[in-house]
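The values are calculated or read from the model by the stated rules, or taken from the named source; none is laboratory data. The model shown is predicted, which means the values in this text are computed figures rather than measured ones. Here the Cβ positions follow ideal geometry from the backbone for every residue, glycine too, while neighbour counts run over all protein chains shown. Side chains are part of the model used for accessible areas, which takes the heavy atoms of the whole protein and leaves out ligands, DNA and RNA. Shrake-Rupley method; radii C 1.70, N 1.55, O 1.52, S 1.80 Å.
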Amino acid sequence: MPGSSTRMRTQKVIFHDFPGGPHGFELVSQFCYNKSNIEIAPSNVVILDHAARYMEMNKRVLGRPNLIEKTEEFLQEIYSWTWHDLLVALQHGQGLLVDNGGTRPQKPDVKRRAEGEKGLVAELVVCSEHYSMFSTCSLQRLVDEVVGRLTLPSMATPSAASLKSASFRSSCDSRSTETSSTRTTFSQNSWWFEDLATFNIELVGMIVRAMLLDKFDHAIISKFLFYYQKIRVFVASGAEKIKTVQKLVDLLFLLDKRAISLRPLFSTLRISLNLELPTGSRHRLEGMIAVQLDQAKLDDLLVPPPPPQKNYTFDVKLILRLSRIFLLESSCKVSLSQLRKVAWLMDLYAAEIAADTFLKPSKFAAVLMALPDYARDSCDRLYHAIDIYFQVHKKLREKHKLRVCLALNYAKLSTEVLIDLARNPNLPLLARYRAKSYWSSKLNGGIKDASRFKFFSNHRGGSRGDSEVPKADLEQMGSTVLELEEAFGTRDPQMIPNVMTPKACCMQQTAKYLPKLCS
């Protein structure tokens, strides 16, 4: 009939997220048009299996086996596959693990649109069910087989299987290849790091969770994740780098915190500074670091601030958060020795940041008072940090200096430090007067070794008497500023019998710590 062709309706079927893309569709077409015959290999079995389930090819046609049956039959021989075959199958199937952010796909929808005189074209939009519904079929079976083999005694050392996989690694994406600096001689427990580090982060997540179910050593898992970070993150693009770091942090959070090395965690933290890492992942990362703060070194804490804060030398807010989390998370578990290690570390950190000319007195005081008083046997290191800060910040107002000096417990200062403090012109008059009164009380008490004397009875119980006595002394002081100046101006040598001058004291003491900003 003339013109009937122009009024015909054309149907177009669109498959969104077809497993394997055009290549996967071509494989299915070969199976359909070749009388259900297709060569199945480790390189295509995962895509074929997913595509068959996507298309629901579970029925026989003319008595021939369907595609699901053929892939299932092939996968039943997985136990006889070589290590190289398993890696190849995972490498070709990892692209099916698409992260959809946890959203549910839409149901298939049919849309119609007018096309003028040509009539109507029926456009069938087929939305795929997310692969998580059947990813446990082929990919999960492969992952379980890989993890299971790593637990076998015969796979405990590098073998011919790992040597054959060298060609596999060289054929993978160039972004995952290591440089000569990252190649190392792997131990018995880590020879497989190179093989599994070629996979994307979604597949690595599947592998790590399978390892946790098989009771893998958490320390080995964490080393693998840090190795993966070392060779993958630095060559990744912006968006991919954020996703990779986020996934790595979430996987590390599943492990025993004490089984994770602290130094690589700080490396991850430094990487995340320039990334817009989600708040939840950042909190998890800081929490993992904080519970091991007693194992940290001074260099670990010297973290630069986030990019917008260009004036500050170090990220002081981060260290304050870490110390606060350490106290909260470890309140019932931390020992006194661990607490004193953190106190020692914070004292060194305070001396390091004291030379920062942009550091505000309120923030510096917060660092000094981040830990409770009973965490320290001596406050000599605190005084040294305060002395450096006042030397750098000479224009501070008296009230700001007094606020900083509130961190000092004068009862825990040695005789030499008390003398030096009392004669230090950079410190406020009230602090100098308090130091002089404490030194006088020690001298009048006939204490020869003042460094061993303690004015508190129970430091474990957190007694506050030692911190309240100086405050009461200040409140009861009726001296005027002129009287204080007159008292400090009197330097009669007879007032300090048999006591060295401050300079001599400092020379015989252990050498003072010099912050890096001043070196």
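Within segment 8-32, if we keep just the residues that are touching a helix residue (DSSP H, G or I) at 6+ places or on another chain (Cβ under 9 Å), not in a helix (DSSP H, G or I) and not acidic (Asp, Glu), the residue that is modelled with the lowest pLDDT turns out to be 8.
Looking at 294, 250, 315 in this structure, which one is surrounded by fewer than 18 Cβ atoms within 10 Å (Cβ to Cβ) and not small (Gly, Ala, Ser)?
Values: 294 fails: surrounded by fewer than 18 Cβ atoms within 10 Å (Cβ to Cβ); 315 fails: surrounded by fewer than 18 Cβ atoms within 10 Å (Cβ to Cβ).
Only one candidate qualifies: 250.
Cβ-Cβ distances below 6 Å connect the following pairs, each with a first residue in segment 272-284 that is in a helix (DSSP H, G or I), a second residue that is open to solvent by 50 Å² or more (accessible area, probe 1.4 Å), and a separation of six or more residues or different chains: 281/246; 284/253.
When residue 432 is tested against (1) in a helix (DSSP H, G or I); (2) touching a Cys at 6+ places or on another chain (Cβ under 6 Å), only condition (2) is not met.
Being touching a helix residue (DSSP H, G or I) at 6+ places or on another chain (Cβ under 9 Å) and modelled with pLDDT of 50 or more, is that true of even one residue in segment 115-137? Walk me through how you get there before you give the answer.
Looking only at segment 115-137, we keep the residues that are touching a helix residue (DSSP H, G or I) at 6+ places or on another chain (Cβ under 9 Å), and these are 117-119, 128-129, 131, 133-135, 137.
From what is left, the residues that are modelled with pLDDT of 50 or more are 137.
Checking segment 115-137: at least one residue is touching a helix residue (DSSP H, G or I) at 6+ places or on another chain (Cβ under 9 Å) and modelled with pLDDT of 50 or more.
Note down all Cβ pairs under 8 Å where the first residue falls in segment 1-30 and is over 25 Å from residue 69 (Cβ atoms), the second is in a loop (DSSP other than H, G, I, E, B) and modelled with pLDDT under 75, and they're at least six residues apart or on different chains. Going by the 8 Å Cβ cut-off, the qualifying pairs are 6/119; 7/119; 8/119; 9/119; 16/127; 16/128. Within segment 232-245, residues that are under 15 Å from residue 270 (Cα atoms) reach partners that are among the β-branched types (Val, Ile, Thr) and part of a loop (DSSP other than H, G, I, E, B) with beta carbons closer than 6 Å, at six or more positions or on different chains, in the pairs 241/233; 244/233.
Here is a check on your reading of the model: is residue 335 open to solvent by less than 50 Å² (accessible area, probe 1.4 Å), without any contact (Cβ under 8 Å) to a residue 24 or more places away in the chain and within 18 Å of residue 373 (Cα to Cα)? The answer is yes for residue 335. Residues in segment 276-291 that are of a type in the set (D, E, K, R) and open to solvent by 10 Å² or more (accessible area, probe 1.4 Å) were compared, and the one that is farthest from residue 339 (Cα to Cα) is 276.
Conditions (1) at positive phi; (2) in a helix (DSSP H, G or I); (3) open to solvent by 50 Å² or more (accessible area, probe 1.4 Å), marked per residue:
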position: 351; (1), (2), (3): no, yes, no
position: 364; (1), (2), (3): no, yes, no
position: 370; (1), (2), (3): no, no, no
position: 399; (1), (2), (3): no, yes, yes
position: 403; (1), (2), (3): no, yes, yes
position: 408; (1), (2), (3): no, no, no
position: 416; (1), (2), (3): no, yes, yes
position: 420; (1), (2), (3): no, yes, no
position: 438; (1), (2), (3): no, yes, no
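Without any contact (Cβ under 8 Å) to a residue 24 or more places away in the chain, out of contact with any strand residue (DSSP E or B) (no Cβ under 7 Å at 6 or more places or on another chain) and in a helix (DSSP H, G or I) - does that describe any residue in segment 302-316? No, segment 302-316 contains no residue that is without any contact (Cβ under 8 Å) to a residue 24 or more places away in the chain, out of contact with any strand residue (DSSP E or B) (no Cβ under 7 Å at 6 or more places or on another chain) and in a helix (DSSP H, G or I). Restricting attention to segment 372-397, the residues being in a helix (DSSP H, G or I) and either closer than 18 Å to residue 323 by Cα or not acidic (Asp, Glu) (or both) number 14.
Selection over segment 220-247 of residues that are exposed (fewer than 15 other Cβ atoms within 10 Å of the Cβ) and among the small types (Gly, Ala, Ser) gives a count of 3.
Which residues, counting only those in segment 253-275, are among the aromatic types (Phe, Trp, Tyr) and open to solvent by 20 Å² or more (accessible area, probe 1.4 Å)?
Taking segment 253-275 first, the residues among the aromatic types (Phe, Trp, Tyr) are 253, 266.
Correct list: 253 only.
Where helices (runs of 4 or more DSSP H) sit wholly within segment 42-94, those with at least 3 residues that are surrounded by fewer than 17 Cβ atoms within 10 Å (Cβ to Cβ) and free of Cβ contacts under 8 Å to residues at least 40 places away in the same chain occupy 67-75.
In segment 176-213, the residue that is nearest to residue 240 (Cα to Cα) out of those that are hydroxyl-bearing (Ser, Thr, Tyr) and modelled with pLDDT under 50 is 176. Could you tell me whether residue 303 is under 14 Å from the mean Cα position of the chain (by Cα), among the β-branched types (Val, Ile, Thr) and under 19 Å from residue 219 (Cα atoms)? So residue 303 fails the test.
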